[in-house]
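One structure is given below, encoded as structure tokens.
The values are calculated or read from the model by the stated rules, or taken from the named source; none is laboratory data. Treat the numbers as computed from the prediction; the structure is a model and nothing was measured. In this analysis, Cβ positions are derived from the backbone assuming ideal geometry, glycine residues included, and neighbour counts consider all displayed protein chains.
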Amino acid sequence: MKRVKIIYIPVLLSIACVIGIYIGALFNVSSPISSIKLYKQKQKLNTLIQLIENKYVDQVDTDSIVDLTISQIIQDLDPHTAYLPKAELDAENQSMNGSFVGIGISFYKNNDTLTVIRTIPNGPSDKAGLQSGDKILYADGLNLSQPEITSDSIVKLLKGERLTEVNLKVKRDKQENFLSFKVKRNSVSLKSVDAGFMIDSSTAYIKINRFAKTTYDEFKAYAKTLESKNPQRIIVDIRDNGGGYLKEAVDIADEFLADDTPVLYTKDRGGNMSETLATAQGLFENKKVIILINEKSASASEILAGAIQDNDRGLIVGRRSFGKGLVQRIMPLGDGSAVRLTVARYYTPTGRSIQRSYNNGREDYFNDYMSRYTNGELQSADSIVVVDSLTFKTPKGKTVYGGGGIIPDVFVPKEMGDVNTDLHDMFEAGILDRFIFSELEKNRSYYNSLNVEDFLSYYQVSQSMLVAFDDFLQSFDIKYEEDEYTQSTITTYLKATIAQQLFNTNLAYQIIVKKDVMVMKALNIKSQLSNPNLLQ
């Protein structure tokens, strides 16, 4: 075994060197001489792989070595360049394409039983007649309750080729016999815009969770509905939105900006600058706008926020964003894997880069971000460190800063240990989902009989559910004072989670915004919104 270890290290390093040269050359072919060198490097790599496969003393999985080596090389690049093996690439493509092929349910495997949380509206299972609470016991004759069948394997089983059928046997509450369903797999939408509705008679609210290929179309659909209600201001919520496709963020910004207004600039390694300008008449060009951000808003989210802030178009409310000013492109590597490669930097309309420094490596880069949770920045705007040499002025003279995210015009602290903050985080993370699922299972037929109107007007979270939730919280070592504010907040978030499971996420957010501190802060902004210079 010693001999294998001694020889394996040079093998790994050799492959690393060769692949490093190869990758570098691959994206920098500028002359016939470069092309000749690239060909020789490829041949060198192929020869080395063949020698290891055919001559090396021990059996070696060369595919794994190459994957590992590419990952190690990428560690020396910026923190957002990444190697994507085929499985990861497929999962990312599915998320960012805005759809997948399947039967259209969300589920839990509870006590070895696959139970439907909800069907996706107009998806295959919804059209076939499945309901929340249905227990799927068999799929194409396979017993899904077997312990060795995991949630991941169930997902693979229920997905498949478009228009193929899966035969399901289902046990439904208060039905004595199994129900049989033939469900035809089809494209199922993955929503990137969670909600769009009127908070009050003059304010519209739109929540975007990521920027996928369908985000602008989803946004436009909500926007057209809301435009007919003549809102005077629009709140766009991009908290916890880690980014995605740049084009989708630019198109949404365009809906708020006048023709020929700068949206962003990009600059590649050759120094080539590209300017993106707003185009034709947008739906909300004449409406006031507020963008909600927090420490998890990144990349494309920061492009949208930067375009609004730098053009004095509206106000940014919340906490400093993540600070990612790099543009990536997916580069296939020929075997189903790819590298998400940084190909340019972007700059906001005033010319600032909001990218945080990564000169000290990836570990320091991410540690710098995590320090926000301990250095007081999330509780006080005075704790935000700004670089005085990276100040910029908007057209109306407002000072903005580069070098580390979008700093909001109106700061809203994250109150650690506050019931509202905690429950909001638990809702966004899906932690409340499992508790509510268990509660609904106690009387599934009753909950499935509710309609939206009755639910909003008459449904009250029961005292027994509140007691059960208190026990649930204690399992996380969480205990709150039993005052009126706390009980009201808990009730709001439990009802919102029920709404999400029974109906849709849009309805859930209509309930949540009533207790959302940042949304309430935005609603109370009046004079500042009409004149951003008052924020100086």
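Just a yes or no: is a residue in the range 352-359 in contact with a Pro (Cβ under 8 Å, 6 or more places away or on another chain), outside the structural domain of Ser475 (by TED's automatic domain parsing) and either surrounded by fewer than 19 Cβ atoms within 10 Å (Cβ to Cβ) or under 22 Å from Ala305 (Cβ atoms) (or both)?
Within the range 352-359 (the criterion being in contact with a Pro (Cβ under 8 Å, 6 or more places away or on another chain), outside the structural domain of Ser475 (by TED's automatic domain parsing) and either surrounded by fewer than 19 Cβ atoms within 10 Å (Cβ to Cβ) or under 22 Å from Ala305 (Cβ atoms) (or both)), the answer is yes, since at least one residue qualifies.
Hey, can you tell me all the residues within the range 382-439 that are basic (Lys, Arg) and not in a helix (DSSP H, G or I)?
Lys393, Lys396, Lys398, Lys414
Condition check ((1) of a type outside the set (A, V, I, L, M, F, W, C); (2) out of contact with any Phe, Trp or Tyr (no Cβ under 6 Å at 6 or more places or on another chain); (3) not assigned by TED's automatic domain parsing to the domain that holds Ile303) across all residues:
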| site | (1), (2), (3) |
| --- | --- |
| Asn375 | yes, yes, no |
| Asp382 | yes, yes, no |
| Val387 | no, yes, no |
| Gly403 | yes, yes, no |
| Ala429 | no, yes, yes |
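Condition first: in contact with a Phe, Trp or Tyr (Cβ under 7 Å, 6 or more places away or on another chain), among the β-branched types (Val, Ile, Thr), modelled with pLDDT of 95 or more and under 24 Å from Leu378 (Cα atoms). Can you find one or more residues in the range 302-321 that meet it?
yes
Here are some residues: Asn143, Asn110. Which one is touching a residue at least 60 places away in the same chain (Cβ under 8 Å) and over 24 Å from the mean Cα position of the chain (by Cα)?
Selected residue: Asn110, the only one of Asn143, Asn110 that is touching a residue at least 60 places away in the same chain (Cβ under 8 Å) and over 24 Å from the mean Cα position of the chain (by Cα).
Of all residues in the range 372-381, which are exposed (fewer than 12 other Cβ atoms within 10 Å of the Cβ) and either part of a helix (DSSP H, G or I) or within 25 Å of the chain's Cα centre (by Cα) (or both)?
Hit for the range 372-381 is Thr374, nothing else.
Of all residues being more than 20 Å from the chain's Cα centre (by Cα) and small (Gly, Ala, Ser) in the range 405-441, which is farthest from Lys207 (Cα to Cα)? Just the residue, please.
Ser438
Could you please let me know if Phe211 is buried (at least 18 other Cβ atoms within 10 Å of the Cβ) and aromatic (Phe, Trp, Tyr)?
Yes, satisfied.
Among the residues of the range 125-141, how many are within 22 Å of Asp433 (Cβ to Cβ) and of a type outside the set (S, T, N, Q)?
Of the residues in the range 125-141, 6 are within 22 Å of Asp433 (Cβ to Cβ) and of a type outside the set (S, T, N, Q).
When you scan the range 64-78, do you find a residue that is at pLDDT below 80 and charged (D, E, K, R), even just one?
The answer is yes, given that some residue of the range 64-78 is at pLDDT below 80 and charged (D, E, K, R).
Taking the residues in the range 105-163 that are charged (D, E, K, R) and exposed (fewer than 14 other Cβ atoms within 10 Å of the Cβ) as candidates, determine which candidate is farthest from Val183 (Cα to Cα).
Applying the filter and picking the extreme gives Glu148.
So the check is Cβ under 6 Å with 6+ separation or different chains; which pairs have a first residue in the range 287-311 that's touching a residue at least 60 places away in the same chain (Cβ under 8 Å) and a second one that's aromatic (Phe, Trp, Tyr) and not in a helix (DSSP H, G or I)?
Ala300/Phe211
Find the residue count for the range 190-208, including only residues that are surrounded by fewer than 17 Cβ atoms within 10 Å (Cβ to Cβ) and polar (S, T, N, Q).
Selection size over the range 190-208: 2.
Quick grid of which residues meet (1) more than 27 Å from Ser201 (Cβ to Cβ); (2) surrounded by fewer than 15 Cβ atoms within 10 Å (Cβ to Cβ); (3) of a type in the set (Asp, Glu):
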residue	(1), (2), (3)
Arg239	no, no, no
Gly242	yes, no, no
Leu246	yes, no, no
Val250	yes, no, no
Glu255	no, no, yes
Leu264	yes, no, no
Gly270	yes, yes, no
Met273	yes, yes, no
Thr276	yes, no, no
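Restricting attention to the range 62-87, which residues are within 27 Å of Ser357 (Cα to Cα) and assigned to a helix (DSSP H, G or I)?
Leu68, Thr69, Ile70, Ser71, Gln72, Ile73, Ile74
Tell me which strands (runs of 3 or more DSSP E) are completely within the range 173-233 and hold 2 or more residues being of a type in the set (Lys, Arg), in contact with an Asp or Glu (Cβ under 6 Å, 6 or more places away or on another chain) and not assigned by TED's automatic domain parsing to the domain that holds Phe256, or say none if there are none.
179-184
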